[in-house]
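Undergrad: Before we start, here is the structure in question, set down as structure tokens.
The values are calculated or read from the model by the stated rules, or taken from the named source; none is laboratory data. Fair warning: this is a prediction, and the values are worked out from it, not measured in the lab. Cβ coordinates were reconstructed from backbone atoms using ideal geometry, including for glycine residues, and neighbour counts include every protein chain displayed. Side chains are part of the model used for accessible areas, which takes the heavy atoms of the whole protein and leaves out ligands, DNA and RNA. Shrake-Rupley method; radii C 1.70, N 1.55, O 1.52, S 1.80 Å.
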Amino acid sequence: MLARMSSEPEQQIGVGSPDAFQRLWTPHRMAYIQGENKPSGPGAGDGCPFCTIPAKSDEDGLVIARGEQVYAVLNLYPYNGGHLMVVPFRHVADYTDLNGAETAELADYTKRAMRALRAASGAQGFNIGMNQGDVAGAGIAAHLHQHIVPRWGGDTNFMPVVGHTKVLPQLLADTRRMLAEAWPAS
């Protein structure tokens, strides 16, 4: 395959103007770009996926673990393999609106997520955070969720830079099972 690669333009019938780039198509990302699974409004009954996921089986909802106040779930549009979120069961938009029990369990589940990711995948670092509101980049602003993105030395490569593409080495169902098995009891 590498022997055929060159920097010469290659005619690609029906896909646009030829240039020196090879293409790696990621059509599954179009669902996110077009807003699939986005709520129609700010209420819990407006199609909020974080409100409907708990009613599904762990496998169907990609749920890793369930607590009393929060649950851990894989991100359907991950930045890295193992990218998960900790989400309160209660439909609440702002971190300051969490009660004490929700805040404590969200913190505890974040720590457990880090332990599970280290045990299951050897994660060497993490990006952890939440985007509060549409203007801050929250994909679903009406329901608070904290991202835990595992990182490894050298995990940034040319694909995101030149292809705007992230290569994930494992199917989400397999990642969910691996992390659920590694999830610490406390």
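Undergrad: Modelled label-to-label distance, Ser57 and Ala182, 7 Å Cα→beta-carbon offset: nm?
TA: 2.4 nm
Undergrad: Counting only other residues whose beta carbon sits under 12 Å from that of Ala104, what net charge do I get with K and R as +1, D and E as -1? Please report the intermediate quantities before stating the final value.
TA: Working: positive: Lys111; negative: Glu68, Glu102, Glu105, Asp108.
Summing Lys and Arg as +1 and Asp and Glu as -1 gives -3.
Undergrad: Separate question: Using 7 Å Cα-to-Cβ label points, what is the Lys38/Asp108 separation (nm, one decimal)?
TA: With each label point 7 Å from Cα toward Cβ, the separation is 3.5 nm.
Undergrad: Given a 1.4 angstrom probe, what's the average accessible area per residue across region 47-186, in square angstrom? Write out the running numbers ahead of the final one.
TA: Numbers: 6820 Å² over 140 residues.
Per residue, region 47-186 has 49 Å² of solvent-accessible surface.
Undergrad: Within 10 Å, Cβ to Cβ, of Asp58, how many net charges do the neighbouring residues add up to if Lys/Arg are +1 and Asp/Glu are -1? Intermediate values should be presented prior to the final figure.
TA: Details: positive: Lys56, Arg66, Arg176, Arg177; negative: Glu59, Asp60.
Combined, the nearby Lys, Arg, Asp and Glu give +2.
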